[in-house]
Amino acid sequence: MSSETITADAAGTWKLGDLSVNRVGFGAMRLTGSAAFHLGSPSDRERSIAVLRKAVELGVNHIDTAAFYFSSLRSANELINSALSPYADDLVVVTKVGPFRNYSGDWGTSARPDDLRGHVEENLRQLGRDHLDVVNLRRMRQDSIAEHFGALAELREEGLIRHLGLSAVEPRHLAEAQAIAPVVCVQNRYGLDSYDPATDDVRRLCGEQGIAFVPFFAVAGDGGSQGATTTHDDELLAIARAHEASPAQVRIAWTLQQGPHVLAIPGTGNPDHLVENVAAGALRLTDQELDTLNALHQKAG
């Protein structure tokens, strides 16, 4: 498929609360280097800034980031600030809190509820904002999220946060949060290579309630934070050939066709891959192709 003239509105739009976004967005984690959570070689700064600006030129108005997305000399939030500030009125920047890394890059213990104000303020400083559009609480294996989500709800009441979301949760956590404050999106790991019945339930519940469901690692597969997988089933490769598309484009298209409320936030530091990822929003799989890929998804459980 030709990618050159396809923009991020090709897959349609959805709302994060009152904020309308194109369903193909951009994940900023990969901007900091090839090993996003390791302090190895930093990314090329000007290239990363160019990718962000190209994303916006292509109609991307939903960028996913976090203060803990950094590698040696590179911070995703700082790159976003440098590339895109002053921010366009329709640009929605979504961040997340919960995990914690110290300045040496080591993962610390997960944030306590009273840590979250500092984490929100750090995102505000790095992004150069006076409020955050959406903040997702990333659950860190705790059984109850009420105290953590309640702390964020207080910051929302103060005006530091406009909307709240969740990440890495089960249906019971969604219900627990909704008893405290509205939830506009849920980010869970979800893709052809990862099947989890609880996450499928969350995706369904989000659709029934008009909540955005935002998979992460949908393209990366087993590669996770290290980048896109190079392992593809024969069935996936055949579908890609039929559409003259890349396997990554098929993975994104499959994700988007799981429901009108399902968004995509593929990340890359490569401008060519960015163009391909955005173009995947225009790829329409047939019912037979969807059935084939759905079967692969189920087998991944």
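What follows is calculated from the coordinates using simple rules that are stated; it is not laboratory data. Bear in mind that the values here come from a model prediction, so they are computed numbers and not experimental data. Note: ideal-geometry Cβ built from the backbone for every residue, glycine included; neighbour counts use all protein chains shown.
Restrict the search to region 232-301; then list the trypsin sites (Lys or Arg not before Pro) that DSSP places in a loop and that have at most 14 other Cβ atoms within 10 Å of their Cβ.
284
If packing is taken as the average count of other Cβ atoms within 10 Å, what order do 124-136, 263-275 fall into, highest mean first?
Taking the mean over residues of other Cβ atoms within 10 Å, the ranking is 263-275, 124-136.
Using alpha-carbon positions, what is the distance between the centroids of region 3-33 and region 233-301, in Å?
One Cα centre to the other: 15 Å.
Which of 206, 185 comes first, and how do the rest follow, when ranked by fewest Cβ neighbours within 10 Å?
206, 185
Can you work out ³J(HN,Hα) from phi for every residue in region 182-189, in order, using Karplus 6.51 cos²θ - 1.76 cosθ + 1.60 and θ = phi - 60°, giving whole Hz and x for Gly and Pro?
x, 10, 9, 7, 10, 10, 10, 5
Quick check on the chain: helices-only [θ] at 222 nm, where DSSP H runs of length 4 and up contribute -39,500 (n - 2.57) each and the sum goes over total residues. Nearest 500, please.
For the chain, the value works out to -11000 deg cm²/dmol.
Report, in debye and to the nearest 20, how large the dipole of region 166-301 comes out about its Cα centre when Lys and Arg carry +1 and Asp and Glu carry -1 on their Cβ.
Dipole magnitude for region 166-301 comes out near 300 debye.
Among 43, 71, 104, which one moves the most in a GNM of the chain with springs linking Cα atoms closer than 10 Å?
Fluctuation is largest for 104.
What aspartates and glutamates could a cross-link reach from residue 96, if we take a straight Cα to Cα line under 14 Å and drop same-chain neighbours fewer than 8 places away?
64, 115, 121, 122, 133
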